[in-house]
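The values are calculated or read from the model by the stated rules, or taken from the named source; none is laboratory data. This structure is a prediction, so every number in the text was calculated from the model and none was measured. For neighbour counting, all protein chains shown are included, and Cβ atoms are generated from backbone atoms with ideal geometry for every residue, glycine included. These accessible areas exclude ligands, DNA and RNA; they are computed on the full protein's heavy atoms, side chains included. Shrake-Rupley method; radii C 1.70, N 1.55, O 1.52, S 1.80 Å.
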Amino acid sequence: MHSLRRLTIGVSLPSGRRTLSTSSKVVFSGIQPTGTPHIGNYAGAIREWVKLQHDPDENCRRFFSVVDLHAITNSQYAPQLRQRKRETLAALLATGLDPKKSVLFYQSSVPAHTELMWILSCTASTGYLSRMTQWKSKLGLSPHTSLQDGGVKASLKLGLFSYPVLQAADILVHRATHVPVGDDQRQHLEFARECVTNFNHAYGPHLRPPQTIISSSRRIMSLQQPAKKMSKSDVDPKSCILITDTPEEIRRKVMAALTDSMNFVSFDPDARPGVSNLLGILSIFDSSGRDPAQLAKVLENRSLMDLKQLVTDAAISGLQGIRQRYIGFLSADEGKYIDWVEAEGARRARENAEETMVLVRQATGL
Ligand code: TRP
């Protein structure tokens with residue numbers, strides 16, 4: 001086995017160093033700029049990112065990217081995408097990501113992501129990609145669909161199919177050791193490790209496999225159709241609570257949430273998806289960190305109206321301040337503050353990514 005702890009390379013790095021330190025902790029994660037983050041994105045990912053800023057390890061570096069290249073796997077209206085990128089960055093700042101502690105940038109500002117993607121795609125297996133579930137669910141196909149099935153090739157675009165290769169490149173180009181993501185990203189992280197194995201097998205032990213950090217919070221479902229995941233792109237605005245919603249909007253959405261006709265509280269995601277989802281939301285904001293089943297026990301004698309009231313109050317106080325900060329960041333310095341944060345983040349991300357690319361180009365003979 002080659003040691004992955006410290007790699008020595010025979011070319012000079014942009015910083016003038018001749019060794020590439022790979023022993024320190026590097027956190028990387030990404031979020032799509034497809035709309036304002038909702039409480040599911042918050043509990044499943046962003047809140048974990050903010051917590052990781054408190055890591056006492058002084059050498060730990062953190063990179064969080066607004067992944068605009070991934071967003072165009074669905075075609076976008078350019079002015080809207082540009083606006084949403086800024087809004088997503090403002091939302092990350094509003095939840096507590098600090099540009100002094102974390103590198104915040106747009107994926108497309110760092111061309112090394114796409115360069116490494118191409119290189120990885122030369123050793124990535126299409127068989128593996130064809131078994132992955134995201135392209136199927138995005139096209140509304142069953143998880144058992146195969147590439148050979150009728151009509152699939154006509155609707156499946158190469159960008160959606162190779163989405164996981166770009167995601168692997170995002171992570172590997174920054175030599176990330178830890179990737180905090182929601183539960184739905186497990187398969188993508190396994191694929192990233194597979195990309196490391198394939199590349200290192202062909203060219204030597206230059207890339208390092210990342211660890212997945214999965215948030216312990218449950219998946220949050222739509223308030224209107226609790227069998228479906230809460231989604232920023234849902235056409236029904238009542239289906240999700242955005243982290244920038246006003247107290248009045250939160251109240252209206254929770255009160256209108258679909259439950260059932262049994263007027264007591266219990267946790268049973270299969271039989272009572274709506275009520276269980278409300279308990280899941282309550283658990284996000286529970287200061288004692290109780291899970292939904294524990295909360296159901298405490299609330300077993302309460303009505304569904306009481307439950308909705310508690311969820312409303314908890315979400316309002318849990319999200320308090322985010323909206324004001326979000327509006328403040330978007331308008332700060334006549335809107336230029338966001339662009340400045342991004343430009344500075346992109347500069348640091350390009351520098352870090354370039355260190356990996358020097359090594360990768362050398363190893364591949366480019
Ligand atoms: N696919 C992720 C999502 O939809 C976003 C993402 C892109 C990402 N690149 C990443 C997450 C790299 C973690 C690491 O949520």
Q) Hey, does segment 121-137 have a residue that's open to solvent by less than 30 Å² (accessible area, probe 1.4 Å), polar (S, T, N, Q) and within 15 Å of the ligand (Cβ to nearest atom)? A) no
Q.
Show the residue pairs meeting these rules: Cβ distance below 8 Å; 6+ apart or different chains; first residue within segment 315-332 and hydrophobic (A, V, I, L, M, F, W, C); second residue open to solvent by 40 Å² or more (accessible area, probe 1.4 Å) and in a helix (DSSP H, G or I).
A. Ile316/Pro247; Ile316/Arg251; Phe329/Tyr337; Leu330/Arg86; Leu330/Glu87
Q) Of the conditions (1) in a helix (DSSP H, G or I); (2) closer than 18 Å to Met221 by Cα; (3) among the small types (Gly, Ala, Ser), Ser317 fails just one. Which one is it? A) (2)
Q: Would you be able to tell me the number of residues in segment 155-191 that are more than 15 Å from Ser130 (Cα to Cα) and either crowded, with 18+ Cβ neighbours inside 10 Å or outside the structural domain of Glu355 (by TED's automatic domain parsing) (or both)?
A: 19
Q) Given the residues Ala94, Ala78, Ala90, Ala45, which is the only one that is hydrophobic (A, V, I, L, M, F, W, C) and surrounded by fewer than 16 Cβ atoms within 10 Å (Cβ to Cβ)? A) Ala78
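Conditions tested, residue by residue: (1) basic (Lys, Arg); (2) open to solvent by less than 90 Å² (accessible area, probe 1.4 Å); (3) in a loop (DSSP other than H, G, I, E, B).
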position: Thr197; (1), (2), (3): no, yes, no
position: Thr212; (1), (2), (3): no, yes, no
position: Arg219; (1), (2), (3): yes, no, yes
position: Glu248; (1), (2), (3): no, no, no
position: Phe267; (1), (2), (3): no, yes, yes
(Q) Tell me yes or no: at least one residue of segment 317-334 is modelled with pLDDT of 95 or more, surrounded by 13 or more Cβ atoms within 10 Å (Cβ to Cβ) and acidic (Asp, Glu). (A) no
Q. Assuming Glu342 fulfils every condition listed in (1) within 25 Å of Pro37 (Cβ to Cβ); (2) surrounded by fewer than 15 Cβ atoms within 10 Å (Cβ to Cβ); (3) acidic (Asp, Glu) apart from one, which condition is it?
A. (2)
Q. When you scan segment 102-145 for helices (runs of 4 or more DSSP H) that lie fully inside it, which ones turn up with 1 or more residues that are more than 29 Å from Gly345 (Cα to Cα) and in contact (Cβ under 8 Å) with a residue 24 or more places away in the chain?
A. 126-131, 134-138
Q.
So, in segment 146-182, exactly how many residues are assigned to a helix (DSSP H, G or I) and modelled with pLDDT under 95?
A. 4
